[in-house]
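K.L.:
I am attaching a structure below and will ask some questions about it afterwards.
The values are calculated or read from the model by the stated rules, or taken from the named source; none is laboratory data. Given the structure is predicted, the values throughout are model-derived calculations rather than measurements. Heads up, the Cβs are rebuilt from the backbone with ideal geometry, glycines too, and the neighbour counts pull from every protein chain shown.
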Amino acid sequence: MIDSSQASNGKFQLLYSLPGNPVTKHGHIDLRTSMDGKYKEIAEELFSRSLTESEMRSAPYEFPEESPIEQLEERRHRLERQISQDIKFEPDILLRAKQDLMKTDSATDLEYMKEQSQAPKELYPERELVPEREYQRVTITGEEKCGVPFTDLLDAAKCVVKALFIREKYISLSMQSFCRTTARYLQEQLGGQPLDLNTFEEMPESSVSANATVHPPVSETHPYEVLDPANMPPGLSYTCKMVDGVVHVYTHNSSELDLPYPDLQEYIADMNMMMALIINGPVKSFCYRRLQYLSSKFQMHILLNEMKELAAQKKVPHRDFYNIRKVDTHIHASSCMNQKHLLRFIKRAMKKYPGEIVHVEQGRGQTLSEVFESMNLTAFDLSVDTLDMHADRNTFHRFDKFNSKYNPIGESILREIFIKTDNHIEGKYFGHIIKEVMADLEESKYQNVELRLSIYGRSRDEWDKLAQWAVKHKVYSDNVLLNIKKFWGQYDFLNVFGSVLCSPRLHLFDPKYSKNSTNILIFKTHCKQSRAYQSTQRETFVYLLQAPVLQYLYYLAQIGIAMSPLSNNSLFLSYHRNPLPEYLSRGLMVSLSTDDPLQFHFTKEPLMEEYSIAAQVWKLSSCDMCELSRNSVLMSGFSQQVKSYWLGPRYLKEGQEGNDIRRTNVPDIRVAYRFETLCEELNLITQAVRSEELETIEEQGSLCKAAGPARR
């Protein structure tokens, strides 16, 4: 008990204790006097120390040499250098040492480790290290893991699975590859027919060694030089004809080739089903909740494993973001150069080819110097501002003004002369400037592009002229892949397909192409930014954010999305509203692209501009940047053999088994997280459909048993 009179005077004695403890009596203590004395001593000590240290330090954030923080950081850096040198010899022990080091964050820990290192070894016998888990996982337990009633889950799962089967059907018919993980779940969990994962070409085991260089072998001779047009295969005299909205191919004797394709009615029915699915309210709610869950789960993953991912990257010798493969998955050839590059090329052409006839006007040829004289311009007058080809604030939501930016100095004749393949000089200047861009890419070594050239269908020989331009001017580079973009709905549709079958120079343009095997040419739809509901193999639009059902399907099918934030920022969507970081956090297959460097970029490395600005604005980590780079290679059109050098010979395997951090610099932790999360989502929807099927079978069986005695 406490004596109230003594307690009121600030003095008391403890007369009881807890059971089993002896009662201790203390004398009278003046708490106020003793604490005031303590505070005074501490204040004097701090004041005297601050005066002394103010003479030693020039800024409040500097510390004296004896600071334990500085010693700790120095020891960390020293140990990290040791780990990078010796990781090949003792990876397990060094990894544990690294983990122990990361937990040391105070002077007390430093002092304890110093005492431990100085103690005799007999006091601390060696013991076997217990391997820790790869990374921290976030799991949801309980019966209703998705947070919605089972009936809603079942209805949504049925719709999603139906859409995935439609996707697989058209991907198979167009001879493209379907996501192997998704196909495996649809086949194994739902007991469907074996899905054709890739009818385009067989995927044999790569002959690339795991320790091979990251650079594919380069041919010593130009690929166009070793081809002889006289050895081309003979023509087959195939013709095309449009029947009920579908192109049919016929042989020379008018017999139709038996080619797989969906008829028009089937296509319309599938399209109507997809449109109805996208606007279905319950399905939209379900998909939106799943997408929000994926975003939140990724944030938890970053909080728990960001340092481990960074440590895994630091352990990889030589490899970093700058020397991993990056592919610009959406860039137009006519604007692949920057303004300064084009300006210098125009000035060189004016000095080197002033008397060359470059244009014919009303039957009269015009030389290059005469063209500029008609504009009252000289080479000295030209500047970047004079060209006026860079997008500015006036092009926002004004595509008419943006299209006019393709014309140097606002003159369409200069566009025809310098950045067209089909003109009076047969695309000579355009071929030269493209080759200069290719040389810059080859010098950078690790940057690749997929240049897009346009086919309009104006004439039957359009393919032939394009192939002739590439072969004549030797437009080729191992760092560049040429894609052909068709403007559907313009000019004659049959000119596109018919000219493919009738192009003799196309064999030279693409050495893999032959008359007997035309499936090397894969037609992929290119979707504009303003059309949100067109399902294609590789997309550039940003309005996918407004369609949660379609976005969730893109995630499950791992459809590639090429995004150009700087281009969108100048045309119709400000940079901070771009959904790329949200897509990345949810696990969609996104990559960065430049679209039109001539209009949006300033340096000779526009793709690095995209990455640097994205990293600064959205605070992307090194792991995020490397993941975007790996995605760009995966969704690119380069061959499997080339990708085996860039990503590793096992890149087609699922999960972290297909990742080679020595080539991609993407930690296995990140790849494993993406794979496991995708498997969880696929398991959620397939198990729901599977359970409903099993219940139906059980109900039918019970009905048969009940009806059996009645029939007897």
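K.L.:
Which residue, of S636, S585, is at pLDDT 95 or above and under 17 Å from the mean Cα position of the chain (by Cα)?
P.N.:
Among S636, S585, only S585 is at pLDDT 95 or above and under 17 Å from the mean Cα position of the chain (by Cα).
K.L.:
So, in segment 393-408, exactly how many residues are of a type in the set (K, R), within 29 Å of the chain's Cα centre (by Cα) and in a helix (DSSP H, G or I)?
P.N.:
Summing the residues that are of a type in the set (K, R), within 29 Å of the chain's Cα centre (by Cα) and in a helix (DSSP H, G or I) in segment 393-408 gives 1.
K.L.:
Follow-up question, since we're still on this one. Going by the structure shown, is A470 closer than 18 Å to P606 by Cβ and among the small types (G, A, S)?
P.N.:
It is false that A470 is closer than 18 Å to P606 by Cβ and among the small types (G, A, S).
K.L.:
I need a count of the residues in segment 301-360 that are over 30 Å from S374 (Cβ atoms) and of a type outside the set (D, E).
P.N.:
Going through segment 301-360 one residue at a time, the tally reaches 27.
K.L.:
Name the residue, out of S444, S459, that is more than 22 Å from L598 (Cα to Cα) and among the hydroxyl-bearing types (S, T, Y).
P.N.:
Matching residue, one of S444, S459: S459.
K.L.:
Please determine whether any residue of segment 292-307 is charged (D, E, K, R), part of a helix (DSSP H, G or I) and surrounded by 17 or more Cβ atoms within 10 Å (Cβ to Cβ).
P.N.:
Yes - at least one qualifying residue is present in segment 292-307.
K.L.:
In addition: Do we find a residue being outside any helix (DSSP H, G or I), surrounded by 18 or more Cβ atoms within 10 Å (Cβ to Cβ) and not hydrophobic (A, V, I, L, M, F, W, C) anywhere in segment 350-359?
P.N.:
yes
K.L.:
Check L628, L634, L620 and return the single one that is of a type in the set (A, V, I, L, M) and touching a strand residue (DSSP E or B) at 6+ places or on another chain (Cβ under 7 Å).
P.N.:
None of the others qualify; the one that does is L628.
K.L.:
Just to verify a result, which residue in segment 428-461, among those that are of a type in the set (S, T, Y) and out of contact with any helix residue (DSSP H, G or I) (no Cβ under 6 Å at 6 or more places or on another chain), is nearest to Y322 (Cα to Cα)?
P.N.:
S444
K.L.:
Of the numbered conditions (1) of a type in the set (A, V, I, L, M); (2) buried (at least 19 other Cβ atoms within 10 Å of the Cβ); (3) farther than 30 Å from L634 by Cα, M337 satisfies every one except a single condition; which is it?
P.N.:
(3)
K.L.:
Just to be sure I understand, how many residues within segment 619-645 are part of a loop (DSSP other than H, G, I, E, B) and of a type in the set (A, V, I, L, M, F, W, C)?
P.N.:
The total comes to 3.
K.L.:
When Q616 is evaluated against the numbered criteria (1) touching a residue at least 24 places away in the same chain (Cβ under 8 Å); (2) surrounded by fewer than 18 Cβ atoms within 10 Å (Cβ to Cβ); (3) not in a loop (DSSP other than H, G, I, E, B), which criterion, by number, is the only one it fails?
P.N.:
(1)
K.L.:
Just checking, does segment 435-449 include any residue being under 22 Å from L628 (Cα atoms), assigned by TED's automatic domain parsing to the domain that holds K347, assigned to a strand (DSSP E or B) and basic (K, R)?
P.N.:
For segment 435-449, residues under 22 Å from L628 (Cα atoms), assigned by TED's automatic domain parsing to the domain that holds K347, assigned to a strand (DSSP E or B) and basic (K, R): absent.
K.L.:
While we're on this one: Which residue is surrounded by the fewest Cβ atoms within 10 Å (Cβ to Cβ), if the candidates are limited to segment 657-676 and must be part of a loop (DSSP other than H, G, I, E, B) and free of Cβ contacts under 8 Å to residues at least 60 places away in the same chain?
P.N.:
N659
K.L.:
Which numbered condition trips up S237, out of (1) at pLDDT below 75; (2) farther than 23 Å from Q176 by Cβ; (3) assigned to a loop (DSSP other than H, G, I, E, B)?
P.N.:
Answer for S237: the failing condition is (1).
K.L.:
Restricting to segment 369-390, what's the tally of residues that are under 43 Å from the mean Cα position of the chain (by Cα) and either assigned to a helix (DSSP H, G or I) or not assigned by TED's automatic domain parsing to the domain that holds F418 (or both)?
P.N.:
Here the count works out to 4.
K.L.:
Give me the helices (runs of 4 or more DSSP H) completely within segment 101-210, filtered to those with at least 3 residues that are more than 26 Å from R670 (Cβ to Cβ), at pLDDT 85 or above and not aliphatic (A, V, I, L, M), ordered by residue number.
P.N.:
It comes to 150-173.
K.L.:
Hey, K420 hits all of (1) part of a loop (DSSP other than H, G, I, E, B); (2) of a type in the set (K, R); (3) surrounded by fewer than 12 Cβ atoms within 10 Å (Cβ to Cβ) but one; which does it fall short on?
P.N.:
(3)
K.L.:
Of (1) surrounded by 18 or more Cβ atoms within 10 Å (Cβ to Cβ); (2) out of contact with any Asp or Glu (no Cβ under 9 Å at 6 or more places or on another chain); (3) closer than 21 Å to R319 by Cα, C626 satisfies all except one. Which?
P.N.:
(2)
K.L.:
So which residues in segment 529-566 are modelled with pLDDT under 90 and of a type in the set (S, T, N, Q), if there are any at all?
P.N.:
Residues satisfying the conditions are Q529, S530, Q534, S535, T536, Q537, T540, Q546.
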